[in-house]
1. Could you count how many residues in the range 88-114 are open to solvent by less than 20 Å² (accessible area, probe 1.4 Å), farther than 17 Å from ASN39 by Cβ and either more than 11 Å from the chain's Cα centre (by Cα) or basic (Lys, Arg) (or both)?
2. Looking only at the range 5-57, how many residues end up being among the small types (Gly, Ala, Ser), closer than 17 Å to HIS90 by Cα and assigned to a loop (DSSP other than H, G, I, E, B)?
3. I need a count of the residues in the range 58-76 that are at pLDDT 90 or above and within 17 Å of LEU101 (Cβ to Cβ).
4. Quickly run through the range 88-99 and pick out the residues that are out of contact with any His (no Cβ under 6 Å at 6 or more places or on another chain) and of a type outside the set (S, T, N, Q).
5. Taking the condition over 22 Å from PHE114 (Cα atoms), open to solvent by less than 80 Å² (accessible area, probe 1.4 Å) and not hydroxyl-bearing (Ser, Thr, Tyr), does LYS14 pass?
6. If ARG109 passes every condition in (1) modelled with pLDDT of 90 or more; (2) within 23 Å of ARG12 (Cβ to Cβ); (3) charged (D, E, K, R); (4) in a loop (DSSP other than H, G, I, E, B) but one, which one does it miss?
7. When the residues of the range 73-87 are narrowed to those that are outside any helix (DSSP H, G or I) and touching a strand residue (DSSP E or B) at 6+ places or on another chain (Cβ under 9 Å), which ends up least open to solvent (accessible area, probe 1.4 Å)?
8. Within the range 23-42, track down each residue that is within 18 Å of THR56 (Cα to Cα) and touching a helix residue (DSSP H, G or I) at 6+ places or on another chain (Cβ under 8 Å).
Amino acid sequence: MDEAAERFDLQRIKTIGETYMAVCGLTTARLDHALRTVNFAQAAMALAHQRNENLTLQIGIDSGPVISGVVGSKKFQFELWGETVNIAHHIQTVAELNTILVTENVYKRVHEQFNLRPAPPVAHYEQEIQVYRVATGADGDAAVDAPTVDAAAASAMAAHRAPAATIVRAEVA
């Protein structure tokens, strides 16, 4: 997945067991961070199916503010915290196998570039989060090719500069 992350300019933050966490727009401001993150998720899904047909993914994507820092005094590790990370993780854990779920924050930024369908809201603490399922091509829906971001799209995205946190969890079925 690191190759796909690099291709779409995402940074792998960490892997823990079966979980892969990456972020776009954190160290380099990108107007198209959400677009790149969903493209990465689709590429990760395709890569998993190419390498092992029994490998399944559950992907959750949210976009918003995060807190980042280095932890440790002898062995350093870069970390991300915040509600954006928590929500991405939570929707990833409730996603069906081989599904990419995105929040309303991501939907607003990419709904014209991808085939997105509303999914049942996800309970998160005392709120419900509206999520959308991204067509992957493997689920009977043709994925919509995401175009490069032109000047008009870039100006429309300018108000949305928060990084997009992505959580990917892989399990062998």
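1. Counting residues in the range 88-114 that are open to solvent by less than 20 Å² (accessible area, probe 1.4 Å), farther than 17 Å from ASN39 by Cβ and either more than 11 Å from the chain's Cα centre (by Cα) or basic (Lys, Arg) (or both) gives 1.
2. Here is the first cut: in the range 5-57, the ones among the small types (Gly, Ala, Ser) are 5, 17, 22, 25, 29, 34, 41, 43-44, 46, 48.
Next cut, closer than 17 Å to HIS90 by Cα only: 17, 22, 41.
Remaining after also requiring assigned to a loop (DSSP other than H, G, I, E, B): 17.
Result for the range 5-57: 1.
3. Selection size over the range 58-76: 6.
4. Residues satisfying the conditions are ALA88, HIS89, ILE91, VAL94, ALA95, GLU96, LEU97.
5. On the way: over 22 Å from PHE114 (Cα atoms): yes; open to solvent by less than 80 Å² (accessible area, probe 1.4 Å): yes; not hydroxyl-bearing (Ser, Thr, Tyr): yes.
Yes; evaluated as a whole, the condition is true for this residue.
6. Single failed check for ARG109: (4).
7. At the first step, the residues of the range 73-87 found to be outside any helix (DSSP H, G or I) are 73-82.
Filter once more, keeping what is touching a strand residue (DSSP E or B) at 6+ places or on another chain (Cβ under 9 Å): 76-82.
Values: PHE76: 141, GLN77: 80, PHE78: 75, GLU79: 25, LEU80: 8, TRP81: 106, GLY82: 24 Å².
Restricting to residues being outside any helix (DSSP H, G or I) and touching a strand residue (DSSP E or B) at 6+ places or on another chain (Cβ under 9 Å), the top hit is LEU80.
8. We begin by selecting, within the range 23-42, every residue within 18 Å of THR56 (Cα to Cα); these are 38-42.
Of everything in the range 23-42, those that are within 18 Å of THR56 (Cα to Cα) and touching a helix residue (DSSP H, G or I) at 6+ places or on another chain (Cβ under 8 Å) turn out to be VAL38, PHE40.
The values are calculated or read from the model by the stated rules, or taken from the named source; none is laboratory data. It should be emphasised that the depicted structure is a prediction, and the values quoted were computed from it without experimental measurement. Backbone-built Cβ (ideal geometry, glycine too); neighbour counts: all protein chains shown. The protein model used for the area step is the full one, side chains on, heavy atoms only, and it has no ligands, DNA or RNA in it. Shrake-Rupley method; radii C 1.70, N 1.55, O 1.52, S 1.80 Å.
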